[in-house]
């Protein structure tokens, strides 16, 4: 099989390639085509992947090619993995800075930052979807581009059910809960429902028995893993569920905004500076592939250790534990998804797919994040219990914002963009929304028409 990776110079590409190296089954991926607009990043990443192949010592490691020509990358693709970042990390840093200046959250998928990122990403995602439909009409698209649910919904306008969104947050959360309960994650059924970065684990069944009540009854066990330390046992018991880590931005918004404003650098600025150093090192002439891989490993370890550091500071949750730094998130989901479709190996995965009739509070086209049964015909959401009212409020409000982003990206209307910001639960004023639109229009050339 041939896999095309859009955003092929991106920092997390080696996670995907590493998963492919570990796949020894018949019909595995034999060719990886990397596409990126930045040839220097492409060259550096190809060198890291060469280091991985060298370290694995496999004579039949997937071949890697790199190109800045999108059509060339797409031709013959069986699967397309989309992980682009419109505006780069400089754009993310600007999103955070502009929002924080107004006293609101600028995180890349949540709040004002997520709206800004969506406004400049959706037009590009739609254009890519049209290119895929024309150049590789039989390919399946796996979307990891953030905001993942919103971008998947935009691409589905063109590609229908042949685009499926993935995220590593629900996988990691389910794995941590299962581990605390002494269960094997692969044997547990995770009752998870919501939108991307806005979902809740409401049950974890092992051999047909829901073990989550046992966890909720044990305060020490609740606060022994990352989400438990973030939210605290008392709040988790009040909810009767374990929220996705990104809900910390909603439930503890003031605390998090304060921590972000007091931080030396925002997350985007930290990653921008960190990755600039990595790409300079990995791109040095004559650097051996093994040395490039070592540089990537060091950088990734620091990146994972500092993930959501401001939230942990606001919650007094301390440093991340070693067990939470392990890889095995979205790249394993992507590999399992490809296997299930290509080989008709049925699997159950938490994915971003059109709602259909799964959640009655949303329409059929709304992309949601729920457990899905996957086979050769794609991903099919499973039935889930209705959302409690507090979750209905958040899910419908944020989905309404996503729809306004889709409309604004299509119309180019400033009024539509202001509405998208103003309706978000974490933007507390129409006047603030207007200033945000002005600030983002100045910072991002692609949004200049909104001024």
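Derivation of every value follows stated rules applied to the coordinates shown; laboratory data play no part. This one's a predicted model, so the numbers in the text were calculated from it and none came from an experiment. So basically every Cβ, Gly included, is an ideal-geometry build from the backbone, and we count neighbours across all protein chains shown.
Could you please rank 348, 121, placing first whichever residue has the fewest other Cβ atoms within 10 Å of its Cβ?
Ascending Cβ contact count within 10 Å gives the list 348, 121.
Just one of [x] 57, 54, 42; [y] 77, 47, 42; [z] 69, 61, 37 is Cα extents along the principal axes in Å calculated from these coordinates, so which is it?
Calculated Cα extents along the principal axes in Å: the matching label is [x].
Rounded to the nearest Å, what's the spacing between the alpha carbon centres of segment 265-294 and segment 52-72? Just the number, please.
Distance between centres, Cα-based: 20 Å.
May I ask for the distance between the Cα centers of segment 99-113 and segment 397-449, given as a whole number of Å?
Using only Cα atoms, the two centres lie 12 Å from each other.
With labels modelled as points extended 7 Å from the Cα through the Cβ direction, what inter-label distance (nm, one decimal) is found for residue 396 paired with residue 343?
Output for this residue pair reads 4.4 nm.
When the helix-only estimate is applied to the chain (DSSP H runs of n ≥ 4, each -39,500 (n - 2.57), divided by the residue count), what is the mean residue ellipticity at 222 nm, nearest 500 deg cm²/dmol?
Computed mean residue ellipticity for the chain: -15500 deg cm²/dmol.
To make sure I understand, if each residue's beta carbon is the centre and we count other beta carbons within 10 Å, what order do 35, 246 fall in, fewest to most?
Result, fewest neighbours first: 246, 35.
Fewest to most neighbouring Cβ within 10 Å: what's the order for 372, 167?
372, 167
Between residue 56 and residue 219, what is the label-to-label distance in nm when each label sits 7 Å out along the Cα-to-Cβ direction?
Here the modelled spin labels are 4.8 nm apart.
With each label point set 7 Å from Cα along the Cα-Cβ vector, what nm distance links residue 206 and residue 264?
Once both label points are built, they end up 4.2 nm from each other.
What shape does segment 102-256 take by its C-alpha gyration tensor, where a ≥ b ≥ c are the square roots of the eigenvalues and a/c under 1.5 counts as rounded, a/b above b/c as prolate, and the rest as oblate?
It is oblate, given that a/c is not under 1.5 and a/b is not larger than b/c.
Want the number for residue 449 to residue 251: 0.36 nm per residue separation, take away the alpha-carbon distance, what's left?
67.9 nm
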